[in-house]
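Have a look at the structure below, then the notes.
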Amino acid sequence: MITKRITTEQILANLKAKVDARIPIMISSAGSGLVAKLQEAAGSDCINTFSGARLRANGMGTMSMMWPILDSNKQTLDYTREDIMPALSGKSFVCACLNANDPLKDMRMVLQQCKDMGVQSVSNIGPSVSYVDHDSEIFKVITSAGITIQNEIDMLILAKDELDMVSVGLAFTEEDSYAICEQAKPHIFCYHAGTTKGGIKGYDNGMTIEETAEQTEKVYQKCRELSPNTILVAHGAAMETPSDAQYMLNNTSGHGFWTGSSTERLPIEQAVSAAADEFRGLSFDK
């Protein structure tokens, strides 16, 4: 098996061509090689790998990665190398989502491991401290212990400016969004409006698609001031279906979208359940 590699120069040229042609950028998370292969065949520009996607593929909620039940970076690197990269033909590039707050690893070394396996892109969502409510006690505790958004920003800067990787920033809050865009000026920035609703493990925070678009656009406008060349994409909350994503494209000034559960967990749940129910309904001919 020889996996085709895509250079940073090629990735950025492909993305720029789509932006110039007004074709939406599509990033898709994948927890298995089969899902990654299908997403690439469907035309996803980027296949995103992170420990939450792998856990999601095993029936757990994405946020399980927030609990210390695994080495997030090891999980991401292992399944990216063994499951995702061999499944792809080179049409989509792979972005590894890493935990920049890992106290046991030098992130320069982890980024180099990504490059060695042919992964030329990195994001800070594996997991990100931006997930945690900023007014909570746990946020105060973990930040006082040195687990900060600044470590994630520093990783994005290192990846982009020193290691020639495609940087993909992500944040849940306005404050973190602006800090990432101002300091790291990532090639791509995704505003994450909240955990995707729907399905067995989804979470509905009550936000409508109209509110999701309004909040996302507010962040876009400020991020564009801070980093004019950054590609902006949307994710999460009420953006569950293709029609939801179309609403986001129609009602925000971004360049595309990032799908997670909506092109992985939800369609798998629906297809497998329907097929299993049909088989379970079979009977002997009397």
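The values are calculated or read from the model by the stated rules, or taken from the named source; none is laboratory data. Not measured: the values here are computed from a predicted model. We place every Cβ from the backbone using ideal geometry, glycine too, and count neighbours over all the protein chains shown.
Values as computed for the structure displayed
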| read-out | value |
| --- | --- |
| Selected residue (criterion: farthest from MET26 (Cα to Cα)) from residues of the range 121-140 that are assigned to a loop (DSSP other than H, G, I, E, B) and touching a Leu at 6+ places or on another chain (Cβ under 9 Å) | SER128 |
| Out of ALA30, ALA96, ALA53, sole residue that is touching a helix residue (DSSP H, G or I) at 6+ places or on another chain (Cβ under 8 Å), at pLDDT 95 or above and crowded, with 24+ Cβ neighbours inside 10 Å | ALA96 |
| Which numbered condition ASP285 misses (of (1) charged (D, E, K, R); (2) under 22 Å from ALA36 (Cα atoms); (3) free of Cβ contacts under 8 Å to residues at least 60 places away in the same chain) | (2) |
| Qualifying residue in the range 131-147 (condition: buried (at least 20 other Cβ atoms within 10 Å of the Cβ) and farther than 24 Å from GLY260 by Cα) | no |
| Selection count where residues are part of a helix (DSSP H, G or I), touching a strand residue (DSSP E or B) at 6+ places or on another chain (Cβ under 8 Å) and more than 16 Å from ILE209 (Cβ to Cβ), scope the range 246-266 | 1 |
| Residue satisfying condition, being assigned to a helix (DSSP H, G or I), within 25 Å of SER92 (Cβ to Cβ), modelled with pLDDT of 95 or more and not hydroxyl-bearing (Ser, Thr, Tyr), within set CYS190, CYS223 | CYS223 |
| Residues located in the range 267-282, provided they are more than 32 Å from the chain's Cα centre (by Cα) and either in a loop (DSSP other than H, G, I, E, B) or aliphatic (A, V, I, L, M) (or both) | GLY281, LEU282 |
